[in-house]
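Data block below; observations after.
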C-alpha cells in the first residue's frame, strides 16, 4: 500500500523521476492507483449507491468492474496516442510504458469523491480532469523525451479519437458492458456508452425498493 501511495504522490506532483524511469514502477502500484480512482469515483456517486442499496458483493463487483473499465478506457486512449505518435515520428514508442503513463494520469481521480459536494462538485470534477490531462501530457513528454508541443499534439489526438469512438461505437459498447454485468451478477446497470467513456462507475440498478402493487377494489 505504501508503494501505491508513493506512486500516487509522485504522479500528482508531476515527478519527472517517476516518468523518466517507468520500468522501475511496480505494475501493482499502477493498478492500485486505478482501483483507488474507481473507488473514489463511486464515493462521488454515493447518493446513487444509497438509493439502489448497493452493498456487499454487488459493491465489490461494481468497484472491480469500474476499475477494469477505467483501465481499459485509458489503455485504449494510450494505444491510440501510440499509433498517432508512431505514424508521425516514424519510430515506435514503447506501448506498455505509454499505457502506464495513461494509468498514472488517473491519480487526480482519487479525489473524485469531492465531486459529491453540492454546488462545487461540477467545478471540482473539471479541475480534476484538467489535472489528469496535465499529468498525461507531462508524462508523455518526459517518458519519451518529446518536445512539449509534440506531446500536446499526440495526447490531444488520443482524446479526440476517444470522443469519436463514443459516437461511433456507443451501441456495441453499451451492449457489451451490459451483457458482461448481467453474466456476472444477473442484474442490469444504469450505464450508457458515454458514461463508460468518461469513466463513470458501473452501478447495478435493481436494488432500489419497488413501488407497492395496487390492489384492485
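The values are calculated or read from the model by the stated rules, or taken from the named source; none is laboratory data. Just so we're clear, the structure is a prediction, and the values are computed from it rather than from any experiment. Quick reminder, even Gly has a Cβ in these numbers, built from the backbone with ideal geometry, and neighbours come from all protein chains shown.
Considering 18, 5, 63, which residue is in a helix (DSSP H, G or I), at pLDDT 70 or above and buried (at least 16 other Cβ atoms within 10 Å of the Cβ)?
Details: 5 fails: buried (at least 16 other Cβ atoms within 10 Å of the Cβ); 63 fails: at pLDDT 70 or above.
Every option except 18 fails the conditions.
Only one residue in 165, 106 is within 17 Å of the chain's Cα centre (by Cα) and at pLDDT below 85. Which one?
Details: 106 fails: at pLDDT below 85.
The unique qualifying residue is 165.
Can you tell me how many residues in region 21-30 are part of a helix (DSSP H, G or I) and surrounded by 15 or more Cβ atoms within 10 Å (Cβ to Cβ)?
Filtering region 21-30 down to residues part of a helix (DSSP H, G or I) leaves 22-24, 27-30.
Restricting the remaining residues to those that are surrounded by 15 or more Cβ atoms within 10 Å (Cβ to Cβ) gives 22, 29-30.
Total satisfying the criteria: 3.
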